[in-house]
Ligand SMILES: Cc1cc2nc3c(=O)[nH]c(=O)nc-3n(C[C@H](O)[C@H](O)[C@H](O)COP(=O)(O)O)c2cc1C
């Protein structure tokens with residue numbers, strides 16, 4: 001095997017727990033689903049054991065917050081009725097998936113300059129005071145520690161990072177709010193204009209991000 005193709009795996013690694021979130025309404029031809037899968041494949045090449053939990057926020061039909069949900073959430077956990085616990089069950093499950101993950105990979109399109117409603121529904125369900133953030137005298141503090149996130153974001157024509165991109169900064173902010181400060185953006189921008197070049201650039205970013213992750217894990221071992 002020549003040096004270029006050689007993939008250095010860290011022996012006897014503990015499993016890397018990855019939560020992959022897909023948010024495109026499309027399945028066939030979805031760029032973000034393809035790239036998020038590509039990210040996992042790249043991780044698996046480098047890491048002995050990758051445990052992937054998949055969460056499809058489109059097909060899983062996440063609930064929008066209603067009055068019962070808000071009331072249940074604001075009721076102290078030890079005082080909730082059985083009905084209130086049932087109302088929060090989906091949210092509890094999504095929070096647990098996040099808490100259990102070392103790495104979060106979010107594949108999302110830009111829709112109407114922001115994120116898809118399905119992904120916003122997921123965010124509303126995982127932003128839980130007392131579970132994923134808490135209020136302190138000095139303001140809110142995120143409770144999801146020692147995690148890193150990769151946001152694979154595709155746009156059709158809007159330049160990512162431009163002043164009309166309301167997706168990338170928002171995701172970075174809200175993940176940081178929950179304690180995930182280490183957020184890397186992998187962009188497949190203006191896919192309708194330059195599809196192949198844009199995808200290749202995204203794959204290159206994925207390759208570099210996974211290499212960097214491996215270096216960091218090795219340094220921390
Ligand atoms: C409902 C909808 C809204 C969209 N809004 C935007 C937009 O505001 N800006 C943009 O650049 N592209 C927009 N696009 C294009 C998508 O971001 C682009 O096609 C992306 O590749 C979709 O991700 P997917 O391939 O994973 O489905 C929109 C696409 C759809 C279906």
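Remarks
- Among 137, 89, 184, residue whose mean-square fluctuation peaks in a GNM of the chain (springs only between Cα atoms under 10 Å): 137
- Working ranking of peptides 45-53, 144-152 by packing, defined as the average number of other Cβ atoms within 10 Å per residue, highest first, is 144-152, 45-53.
- For the chain, the longest principal axis of the C-alpha atoms and the axis of helix 89-100 are separated by about 40°.
- Ranked 14, 155, 30, criterion: other C-beta atoms within 10 Å, fewest first: 14, 30, 155
- Net lengthening on full extension, residue 197/residue 59 (0.36 nm per residue, minus Cα-Cα): 46.7 nm
- Acute angle (nearest 10 degrees) that the helix 195-220 long axis makes with the longest principal axis of the chain, alpha-carbon atoms: 80
- A straight chain from residue 220 to residue 45 at 0.36 nm per residue would run longer than the Cα-Cα distance by 61.0 nm.
- Of the peptides 94-107, 161-174, the ranking by mean beta-carbon count within 10 Å, highest at the top, reads 94-107, 161-174.
- Exposure proxy ranking, count of Cβ atoms within 10 Å, fewest first, for 20, 120: 120, 20
- Helix axis angle, 168-177 relative to the chain longest principal axis, alpha carbon, degrees: 50
- Potential lengthening of the chain between residue 80 and residue 117 amounts to 10.5 nm, from the contour at 0.36 nm per residue minus the alpha-carbon distance.
- The mean of 1/r over all pairs of different alpha-carbon atoms in the range 22-135, once inverted, gives a Kirkwood hydrodynamic radius of 15.8 Å.
- Spin-label pair residue 52/residue 70, simplified geometry with 7 Å Cα→Cβ offset, distance in nm: 3.8
- Antiparallel content of DSSP bridges confined to the chain, in %, to 5: 15
- Equivalent ellipsoid dimensions for the range 16-220 as semi-axes, Å, which come from the Cα gyration tensor, largest first: 29, 20, 16
Any read-out appearing in this document is the output of simple, stated calculations on the displayed coordinates, not a laboratory observation. Keep in mind it's a predicted model, so treat the numbers as computed, not measured. FYI the Cβ positions are ideal-geometry reconstructions off the backbone, even for glycines, and counts take in every protein chain you see.
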